[in-house]
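S.K.: Questions regarding the structure given below will be posed in turn.
The values are calculated or read from the model by the stated rules, or taken from the named source; none is laboratory data. It should be emphasised that the depicted structure is a prediction, and the values quoted were computed from it without experimental measurement. Ideal geometry is used to build each Cβ from the backbone, glycine not excepted, and the neighbour counts take in all protein chains shown.
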Amino acid sequence: MDIDVAGIVAEAKCFMCHGVSLAEAIELALLNRISVNVSGGLGSGGYPAGTKFYRALISQDGFSAPTAQILQNTLGSVPTWIYNGGGNYSLTLTGGFPLGKTFCLMTCQGSGLVVGIEPFVDNINVIYTQANVAGDYGMYRISCEVIVFP
């Protein structure tokens, strides 16, 4: 079995950006790579078969909707980013984010901070801010990962 040490370290750093201790961040990063599905086989990357992924780099400036550089999308349709107001955005896809089965993680570069991610059935609301910046913040290459479990 190959161990993706660089991936584990990168993911642990992401968790630490959200205030998680080093030990907890490493544990979470390792747990993300271990998955057991007692009712069926494992799919790609150790996730349960039928798991869907959306991974993208998100940028936004001014009053426009965020744009996504999509790295992976197996949701079946392309979700849409919407600008709701300064620092408030939604990722939408009708029926695409079932409650209790949707995991979303976003990481920032520089002084930005994602302060809230709230999944609903049809959208994921994101609240983003930057330290010492007033008004409309804008985002640059924020990583976004959505995992929808079967």
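S.K.: Give me the strands (runs of 3 or more DSSP E) completely within region 75-129, filtered to those with at least 1 residues that are under 13 Å from residue 146 (Cβ atoms) and at pLDDT 90 or above, ordered by residue number. Steps first, please.
M.R.: Values: elements: 80-85, 88-92, 102-107, 112-119.
Fully inside region 75-129 and qualifying: 80-85, 88-92.
S.K.: Hey, could you check region 87-108 for residues that are hydroxyl-bearing (Ser, Thr, Tyr) and out of contact with any helix residue (DSSP H, G or I) (no Cβ under 6 Å at 6 or more places or on another chain) and say which is surrounded by the fewest Cβ atoms within 10 Å (Cβ to Cβ)? Give the steps one after another, and end with the answer.
M.R.: The first filter runs over region 87-108 and keeps only residues hydroxyl-bearing (Ser, Thr, Tyr), leaving 89-90, 92, 94, 102, 107.
When the remaining residues are screened for being out of contact with any helix residue (DSSP H, G or I) (no Cβ under 6 Å at 6 or more places or on another chain), the result is 89-90, 92, 94, 102.
Working: 89: 23, 90: 19, 92: 16, 94: 11, 102: 17.
Checked region 87-108; the qualifying residue surrounded by the fewest Cβ atoms within 10 Å (Cβ to Cβ) is 94.
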